[in-house]
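Q: Supplied in structure tokens, the structure appears directly below.
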Amino acid sequence: MDFTLNDEQRQIYEYGDQLAKEFDHHYWLDHARNHKFPQALFDRIAKDGFLGLMVPEEYGGAGLGMQEMALFMEGTANNGIPMLMMVVGPCMSLSHIATHGTEFHKKTLLPAACRGDIQFCFAITEPGAGSNSMQITSVAKRDGNNFSLSGEKTFITGADVADYCLVVARTTPHDQVSRKTDGFTLFAVDLKKKGVDLQRVKVSIPVPEEQFTIFFDDVELTHDDVVGEVDKGFNILFDTLNPERILVAAIATGVGRFTLQKAVEYASERVVFGQPIGAHQGLQHPLAKAKANIEAASLLGRRAAWEFDNDIPAGHSSNMAKYTASEAGIEAVDAALQAHGGSGFTEDTGIYEYYPLMRLLRTAPVNRELCLSYIGEHVMGLPRSY
Ligand SMILES: Cc1cc2nc3c(=O)[nH]c(=O)nc-3n(C[C@H](O)[C@H](O)[C@H](O)COP(=O)(O)OP(=O)(O)OC[C@H]3O[C@@H](n4cnc5c(N)ncnc54)[C@H](O)[C@@H]3O)c2cc1C
């Protein structure tokens, strides 16, 4: 394994530093506090060619891999710009459409999405099926080449700004399939279709991308809307799990570094009891410990991305990276907050807002317990626990 970045990867990693000159963390915070989608930021990212990082060049993308996508996300998060929409759109939706989509998806939707003309969101969670996706009840009833989609998805990030949603629905009842993962199909659903309705889920964390429940009421779809094979959607979904975990790790390590850097600056200047507070071990050691954990998690994330790009099973590293990074992210923001004293809780400082986001990453998109169960079972060989 060689984690030395080549020139292109370094430029991608440092892109966040450039971006932050125009769209800094104050810009992100302002949009996060007001739950306002940062359209100008996304337009710039689209213009600079980063939305289609993982999309092949023939469909308008850059043809790069997971390593570059993770470096991009970590580099922007290093500057206090974490982007959930990049996870659900360019990573979880576009890369699958590039591999499994129809000609219409690839030749029309992908180039438009890479240009930033249209956006994608991703919907699997339902009120009755969160961590256990097998329990989803949204159904796409088949009639020849047509389908009628009915059901409800919830917590869907960015559904208000998205034009299309990659939706997971059941196409064959569970008692008629031989494998429990069969019977599910992915559809690229045009959200302007008749029968689609949105209702905002008021999430209390400051984050620019809002969440929605999407209701599907007999939405008419055709075979052209299917991504991949009918009834085999989970084969594609399994490929999304590791990228999602790798990107969460990239966001958490980046935000962790950002808040620690702010804490170092503050603790080096703030004088209480005759010397800078950073000189006290009681304050310095929690920051140092968090820094060590962030960098360790970051390396695990790099390893996972490298394995993914090199067709090496990346489940072990991805789960360990997601677990360690989200825990290290929480620890880092907490230590940074403590170092700032009361000023950590002011809007001017803008540290506290990152805490709920880091705390979210312990729970979603995959919770800490499922990561630990994966590690216990698949990495360590313990009996399956659920
Ligand atoms: C801000 C936000 C954005 C989101 N964006 C999207 C999106 O864009 N698209 C989408 O499809 N979904 C999205 N989600 C949904 C998210 O993926 C789910 O909330 C997550 O998968 C957990 O599901 P749940 O909320 O139903 O929790 P549950 O499955 O009900 O679990 C609740 C808790 O129980 C524990 N638990 C569950 N199972 C086990 C087990 N086997 N062993 C031990 N403990 C367990 C865990 O601690 C877990 O946190 C989003 C959620 C939030 C809050």
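The values are calculated or read from the model by the stated rules, or taken from the named source; none is laboratory data. Given the structure is predicted, the values throughout are model-derived calculations rather than measurements. Virtual Cβ from ideal backbone geometry, glycine too; neighbours counted across all protein chains shown.
Q: So if I check each of Pro286, Pro356, Pro313, which one is within 16 Å of the chain's Cα centre (by Cα), over 17 Å from Met73 (Cα atoms) and not polar (S, T, N, Q)? If you could, list the steps in order and put the result at the bottom.
A: Working: Pro286 fails: within 16 Å of the chain's Cα centre (by Cα); Pro313 fails: within 16 Å of the chain's Cα centre (by Cα).
Just a single option satisfies the conditions, and that option is Pro356.
Q: Output the residue which, of all residues in segment 127-168 that are without any contact (Cβ under 8 Å) to a residue 60 or more places away in the chain, among the small types (Gly, Ala, Ser) and within 24 Å of Ser95 (Cβ to Cβ), is nearest to the ligand (Cβ to nearest atom).
A: Gly130
Q: Now for a different question. For segment 115-133, which positions are out of contact with any Phe, Trp or Tyr (no Cβ under 7 Å at 6 or more places or on another chain) and more than 19 Å from Ala364 (Cα to Cα)? Talk me through it step by step, then tell me what you get.
A: Pass one, segment 115-133, residues out of contact with any Phe, Trp or Tyr (no Cβ under 7 Å at 6 or more places or on another chain): 115, 117, 119, 121-124, 126-133.
Answer for segment 115-133, where residues must be out of contact with any Phe, Trp or Tyr (no Cβ under 7 Å at 6 or more places or on another chain) and more than 19 Å from Ala364 (Cα to Cα): Arg115, Asp117, Gln119.
Q: Kindly indicate whether any position in segment 267-276 is aromatic (Phe, Trp, Tyr) and either in contact with a Lys or Arg (Cβ under 7 Å, 6 or more places away or on another chain) or assigned to a helix (DSSP H, G or I) (or both). Break it down into steps so the answer makes sense when it comes.
A: Step one: filter segment 267-276 for residues aromatic (Phe, Trp, Tyr), giving 273.
Adding the requirement that they be either in contact with a Lys or Arg (Cβ under 7 Å, 6 or more places away or on another chain) or assigned to a helix (DSSP H, G or I) (or both) leaves none.
Checking segment 267-276: not a single residue is aromatic (Phe, Trp, Tyr) and either in contact with a Lys or Arg (Cβ under 7 Å, 6 or more places away or on another chain) or assigned to a helix (DSSP H, G or I) (or both).
Q: Quick check on Asp17: is it over 23 Å from Ala305 (Cα atoms) and not assigned by TED's automatic domain parsing to the domain that holds Glu347?
A: On the way: over 23 Å from Ala305 (Cα atoms): no; not assigned by TED's automatic domain parsing to the domain that holds Glu347: yes.
No: the conditions fail for Asp17.
Q: Where residues in segment 180-206 are within 21 Å of His100 (Cα to Cα) and among the charged types (D, E, K, R), which of them is farthest from the ligand (Cβ to nearest atom)?
A: Asp182
Q: Moving on to the next point. Out of curiosity, is Ala336 away from the ligand (no atom under 16 Å from the Cβ) and touching a residue at least 60 places away in the same chain (Cβ under 8 Å)? Explain how you work it out, then say what you get.
A: On the way: away from the ligand (no atom under 16 Å from the Cβ): yes; touching a residue at least 60 places away in the same chain (Cβ under 8 Å): yes.
Taking the combined requirement at face value, the residue satisfies it.
Q: Among the residues of segment 180-213, which ones are over 19 Å from the mean Cα position of the chain (by Cα), of a type outside the set (Asp, Glu), surrounded by 13 or more Cβ atoms within 10 Å (Cβ to Cβ) and not in a loop (DSSP other than H, G, I, E, B)?
A: Phe184, Thr185, Phe187, Val189, Val196, Leu198
Quick grid of which residues meet (1) within 30 Å of Arg200 (Cα to Cα); (2) surrounded by 15 or more Cβ atoms within 10 Å (Cβ to Cβ); (3) touching a residue at least 24 places away in the same chain (Cβ under 8 Å):
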position	(1), (2), (3)
Ala20	yes, yes, yes
His26	yes, no, yes
Phe37	yes, yes, yes
Asp48	no, no, yes
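Q: Confirm whether Val87 is within 16 Å of the ligand (Cβ to nearest atom) and not assigned by TED's automatic domain parsing to the domain that holds Leu166.
A: On the way: within 16 Å of the ligand (Cβ to nearest atom): yes; not assigned by TED's automatic domain parsing to the domain that holds Leu166: yes.
Yes: the conditions hold for Val87.
Q: Looking only at residues in segment 339-355 that are outside any loop (DSSP other than H, G, I, E, B) and buried (at least 16 other Cβ atoms within 10 Å of the Cβ), which one is farthest from the ligand (Cβ to nearest atom)? Talk me through it step by step, then tell me what you get.
A: In the first step, residues of segment 339-355 are kept if they are outside any loop (DSSP other than H, G, I, E, B); the result is 339-345, 354-355.
Next, from what is left, pick out any that are buried (at least 16 other Cβ atoms within 10 Å of the Cβ): 339-340, 344, 354-355.
On the way: Ala339: 27, His340: 25, Gly344: 23, Tyr354: 14, Tyr355: 14 Å.
The residue in question is Ala339.
Q: Being part of a strand (DSSP E or B), surrounded by fewer than 24 Cβ atoms within 10 Å (Cβ to Cβ) and either touching a Phe, Trp or Tyr at 6+ places or on another chain (Cβ under 9 Å) or in contact (Cβ under 8 Å) with a residue 40 or more places away in the chain (or both): is that true of Asp224 here?
A: Numbers: part of a strand (DSSP E or B): no; surrounded by fewer than 24 Cβ atoms within 10 Å (Cβ to Cβ): yes; either touching a Phe, Trp or Tyr at 6+ places or on another chain (Cβ under 9 Å) or in contact (Cβ under 8 Å) with a residue 40 or more places away in the chain (or both): yes.
For Asp224, the condition - part of a strand (DSSP E or B), surrounded by fewer than 24 Cβ atoms within 10 Å (Cβ to Cβ) and either touching a Phe, Trp or Tyr at 6+ places or on another chain (Cβ under 9 Å) or in contact (Cβ under 8 Å) with a residue 40 or more places away in the chain (or both) - is not met.
Q: A follow-up question, please. Tally time: how many residues in segment 276-322 are small (Gly, Ala, Ser), crowded, with 20+ Cβ neighbours inside 10 Å and free of Cβ contacts under 8 Å to residues at least 24 places away in the same chain? Working first, answer last.
A: Here is the first cut: in segment 276-322, the ones small (Gly, Ala, Ser) are 278-279, 282, 288, 290, 292, 296-298, 301, 304-305, 314-315, 317-318, 321.
Going one step further and asking which of them are crowded, with 20+ Cβ neighbours inside 10 Å, we end up with 290, 297-298, 301, 304-305, 314, 317-318, 321.
Remaining after also requiring free of Cβ contacts under 8 Å to residues at least 24 places away in the same chain: 317.
The qualifying residues number 1.
Q: Output the qualifying pairs, or none if there are none: Cβ atoms under 7 angstrom, residues six or more apart or on different chains, first residue in segment 370-386 and more than 16 Å from Ala304 (Cα to Cα) and within 10 Å of the ligand (Cβ to nearest atom), second residue part of a loop (DSSP other than H, G, I, E, B) and at pLDDT below 95.
A: Leu370/Ser131; Ser373/Ser385; Ser373/Tyr386
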